[in-house]
Amino acid sequence: MTEEIINVGSLVKAAKDGLTAEEKLGLKIQLSEKIQQLTALEESDPVLRARLQMDIAEILIALERRKEAWDIAHEAFLLSLQQESWQDAVEACNVLYQADQEESIAVLGMGIWLAITFPVDPELTVAMLVHAIDEMPDDADGAAVAAITGRYVVDLRAGDDKHESLCFLVDNLIAMVAKRHGQVQDQDEMNLWLDKLELRDPQVFLPRMAMVVDAIVGDKWWFDRDVLRSRLPD
């Protein structure tokens, strides 16, 4: 969605109840400013354009303008994908998920695939996996696989400055999933649970994570995964 399609007046309409009048006004001002920046932006900078579009989409979500948010975040996603800006593409998937539209769950799965496949910030990758876990029933093995995949990604990608804090976050996530999935209460039970679900070996749980993603997305893929895999950095 370009600035020609976005009408400032229509987007800065009154939001639904939930925000104070002062908060609504502040968001409307931010929205107007971001749209003006988008209008003035040169076409030659598609990555910055996509990031501005995501900023706009997030404000629209806060204002409960979810369909408009979806439309502009979708364009941001396509721009990011074209530019092979994988981090931004995942960020766009995150916004599209939060827009809560018909295909939002499928887009969440696409974002998870991108976040695991490409060298994306592990904090964002974990955030996407948490969304997936939130969507699953308590007894779903997929939640356990997603949680342990989060720990794997953190160990693989997190720098020294973030590794400890992210490990703490993901370990708590694993403990939460284990408690609701298998009523795990202590370390001995955790060890049994990890062994039972075969969550110690990435050669076992990563293919299972791929199956979880396939189940989430179904036949709604917006891109050819084989083509994107060929663009993986050396």
Would you mind ranking 43, 68 so that the residue whose beta carbon has the fewest other beta carbons within 10 Å leads the list?
43, 68
Just how large is the dipole of region 104-226 about the Cα centre, in debye to the nearest 20, putting +1 at every Lys and Arg Cβ and -1 at every Asp and Glu Cβ?
180
Relative to the longest principal axis of the C-alpha atoms of the chain, give the angle of the C-alpha long axis of helix 104-117, reported between 0 and 90° and rounded to the nearest 10°.
60
Based on other C-beta atoms within 10 Å, arrange 174, 29 from fewest to most.
29, 174
With no solvent and one equal point scatterer per Cα, compute the Debye intensity ratio I(q)/I(0) for the chain at 0.11, 0.13, 0.14 Å⁻¹ and report its log10, rounded to two decimals.
-0.63, -0.84, -0.94
The residues 45, 134, sorted from fewest to most surrounding Cβ atoms within 10 Å, come out as 134, 45
Dipole size in debye (nearest 20) for region 88-143 around its Cα centre, Lys and Arg Cβ +1, Asp and Glu Cβ -1?
200
So what's the gap between the Cα centers of region 110-124 and region 138-165, to the nearest angstrom?
12
Most mobile listed residue (187, 82, 101) in the chain, GNM with C-alpha springs under 10 Å:
187
What fraction, in whole percent, of alpha-carbon pairs in region 96-193 exceed 19 Å separation?
44
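Here, each number is a calculation from the coordinates, and none is a lab measurement. Since this is a predicted model, take the numbers as computed values, not measurements. Note: ideal-geometry Cβ built from the backbone for every residue, glycine included; neighbour counts use all protein chains shown.
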